[in-house]
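Below is one structure, written out as structure tokens; comments come after it.
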Amino acid sequence: MGHEARQGRRTLLAGFAGALLGVLVTASVLGGETFRRQTAEASDIAYVPLERMTLPVMGASGPQGYVVVAFTLEVPRTRRAWVRDRVPEVRHAVNTAAWQSGLVAENADRLDIEAMRAALLVAARSALGPSNVRQVRILTAVPV
């Protein structure tokens, strides 16, 4: 192999290494920006826990059992104290929804946690307003 061919390969490898380094640096910078944005969004979030509640598991003919559920409300950080002061309103809305509309429904002998979370979110937002409750996080749900 001639000197020119080796020199061409070196140039090609150097170009490839430079391009790869550029991609890695760009990805690192963009990844860092994504991390900073997610961290800023996370710093705007606060959690307001609710004490455990015992809710009926509704079947076609009424309560089929009960479930003890502990959950927390994900709220805007600036509204945390306001929401915390109104936890009794949320508990009332959850109890009302559970007994009137089957907030906790049994699905083939298993609790549907996602449906329960969605129903808790609707109840919490009905009590406090949609802008004050971003999400509901179920911490535990134990049938009793």
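The values are calculated or read from the model by the stated rules, or taken from the named source; none is laboratory data. Remember, it's a predicted structure, so these values are computed and weren't measured experimentally. Using ideal geometry, Cβ is built from the backbone for each residue, glycine included, and neighbour counts are taken over all protein chains shown.
Pairs linking a residue in segment 54-73 that is without any contact (Cβ under 8 Å) to a residue 40 or more places away in the chain to a residue that is part of a strand (DSSP E or B), with Cβ atoms under 9 Å and 6 or more positions apart or on different chains, are G62/P56; P63/P56; P63/V57. Would you confirm whether or not segment 93-109 contains a residue that is surrounded by 14 or more Cβ atoms within 10 Å (Cβ to Cβ), out of contact with any helix residue (DSSP H, G or I) (no Cβ under 8 Å at 6 or more places or on another chain) and without any contact (Cβ under 8 Å) to a residue 12 or more places away in the chain? No: zero hits. Just one of (1) at pLDDT below 65; (2) closer than 20 Å to N132 by Cα fails for D85. It is (1).
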